[in-house]
Amino acid sequence: MPFYAERRILEMQRAWRFIFLAGLAALISSMLFSPPARATYDPVGGGTAKLVLDKRFAGFLQKGNVMLVPAAGAAKKGRAYILPVVGGLMDPTIGRGAVDAGGTLLFKGARKQVPLRRIVVKTKRSPLVARVGGSQLKVATATGLGFKRSGFDSVFSVKQLKLTEKVATRLNKKLRPPIPFAANQLIGRLITVARPSTVSILPEGVVTVQLSDEFAAKLNSLFVAANPIFPAEHQGNVFTFPFIPEGALSPTGGSGLIKTGGSIEFLQLPQKGQVIWHEFYADFAAFLVSPEVDIEPSPPYRGKAGRLGVASFPPGTPLTPDGAALTISAGAIPLSLQPETAADLNSAFAAGADVFSGGESLGTLSFVAKGQ
């Protein structure tokens with residue numbers, strides 16, 4: 001083999017070796033230094049926090065003539081004190097968050113009392129925080145922390161709650177029991193069920209919009225083609241749009257927003273007017289389907305008009321939650337054309353004639369959304 005050929009082969013081998021090592025270094029660097037995935041916290045809208053007193057602590061209170069009394073929405077059942085969960089944030093995928101409990105617990109002595117207000121349960125080693133007297137304090141530390149999911153609900157449990165020194169000192173100062181409260185005194189156990197008001201929707205699956213036969217017939221009569229723009233797809237009058245991040249839905253309906261990618265283009269042939277609906281949002285509080293609307297050419301049309309409600313759907317539209325599969329679905333939600341949208345279509349495609357009307361059927365919307 002000629003010397004120059006041998007040298008060329010060696011140079012190529014060295015070049016490939018450099019490319020391989022550089023790629024390997026980049027891969028290792030991305031694995032080591034890439035930021036972790038961000039947690040998504042769902043707003044909490046309901047549930048319960050149940051404090052079950054240890055038998056010895058209940059006996060201790062009785063001997064010291066101290067009562068633990070529920071108030072302002074809290075309730076008592078045997079040794080259990082039940083408080084409604086009224087707010088907070090929880091990420092069920094990592095078992096972290098904090099919930100706000102309604103109600104008050106009162107330590108009542110012979111003459112004075114110490115209220116625990118603004119009670120917060122946190123998924124931490126100091127899980128119970130409350131306003132004790134005039135200060136927000138850590139009420140208890142914990143051992144035996146546990147977390148699990150029950151459908152869409154998050155269940156946080158603590159096997160042993162132990163009194164903090166600061167709260168023990170405050171109780172002794174106010175109530176002056178014959179046997180003082182002590183730091184690390186076992187109080188009992190805690191079980192908190194947090195129910196999300198809305199669930200974050202993962203970017204998996206598609207939303208289906210099927211144009212009604214009547215709407216499609218009007219488009220055809222005006223030589224208007226309905227085309228998907230990637231990543232939207234279609235087959236006949238059935239269009240699919242992928243879910244994109246940052247959507248959230250109530251498992252029981254009545255609130256939430258789903259977001260989709262892709263667009264649908266209405267184009268009159270030969271090319272005259274063009275209407276594009278980009279990234280559909282379906283708002284289950286406003287009962288509107290709202291894409292970014294672009295009407296071209298501009299002028300004479302208004303061009304990019306921003307996010308507009310192009311279609312409405314009936315209030316109280318039912319959604320079907322499946323806690324086992326963590327899905328929320330809807331089938332064939334009827335969509336009615338908004339008057340402003342009908343006017344835009346008439347202007348772009350029908351020279352202002354009243355072909356499209358507000359309230360007429362645009363089609364239906366269906367989906368199976370996967371919750372986190």
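The values are calculated or read from the model by the stated rules, or taken from the named source; none is laboratory data. This one's a predicted model, so the numbers in the text were calculated from it and none came from an experiment. Cβ atoms come from the backbone with ideal geometry, glycine included; neighbour counts cover every protein chain shown. Just the protein is used for accessible areas: all its heavy atoms, side chains included, with ligands, DNA and RNA removed. Shrake-Rupley method; radii C 1.70, N 1.55, O 1.52, S 1.80 Å.
At a glance:
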item	result
FRET efficiency estimate (nearest 0.05) - Cβ-Cβ, Ala72 to Gln372, R0 41 angstrom	0.80
Sites Lys174 and Thr143 - FRET efficiency at Förster radius 22 Å, r taken between beta-carbons, to 0.05	0.20
Spatial separation of Cα centroids for segment 144-196 and segment 63-105, in angstrom	10
Calculated from backbone phi, Karplus (6.51, -1.76, 1.60) coupling profile of segment 207-218 in Hz, x at Gly/Pro	9, 10, 10, 10, 5, 5, 4, 5, 5, 4, 5, 5
Potential extension, Lys159-Leu106 segment - 0.36 nm per residue separation minus Cα distance	16.8 nm
0 to 90° range, to nearest 10: angle between helix 3-33 axis and the chain longest Cα axis	50
Distance between modelled label sites at Ser357 and Glu246, nm, 7 Å Cα→Cβ extension	3.8
Inter-probe distance in nm under a simple model that places probes 7 Å from Cα toward Cβ, at Arg79 and Glu233	5.9
Size of electric dipole in the chain: Cβ of Lys, Arg +1 and of Asp, Glu -1, about Cα centre, debye, nearest 20	4380
Residue-normalised accessible area of segment 258-317, expressed per residue, 1.4 Å probe, Å²	42
Cβ-Cβ FRET estimate between Ala183 and Ile94, R0 fixed at 30 Å, reported to 0.05	0.45
Over segment 243-372: Kirkwood hydrodynamic radius from C-alpha pairwise inverse distances, Å	15.6
Solvent-accessible ranking of Lys55, Lys259, Lys174, largest area first, probe 1.4 Å	Lys55, Lys174, Lys259
Per-residue SASA entry for Arg170, accessible area with 1.4 Å probe, Å² rounded to 10	80
Accessible-area composition of the chain, carbon plus sulfur, in percent [1.4 Å probe]	57
Candidate values (1) 57, 35, 16; (2) 30, 27, 21; (3) 56, 23, 18, label of the one derived for semi-axes √(5λ) of the Cα gyration tensor in Å	(1)
Helical contribution to [θ] at 222 nm, DSSP H n ≥ 4, -39,500 (n - 2.57), averaged over the chain, rounded to 500	-6000 deg cm²/dmol
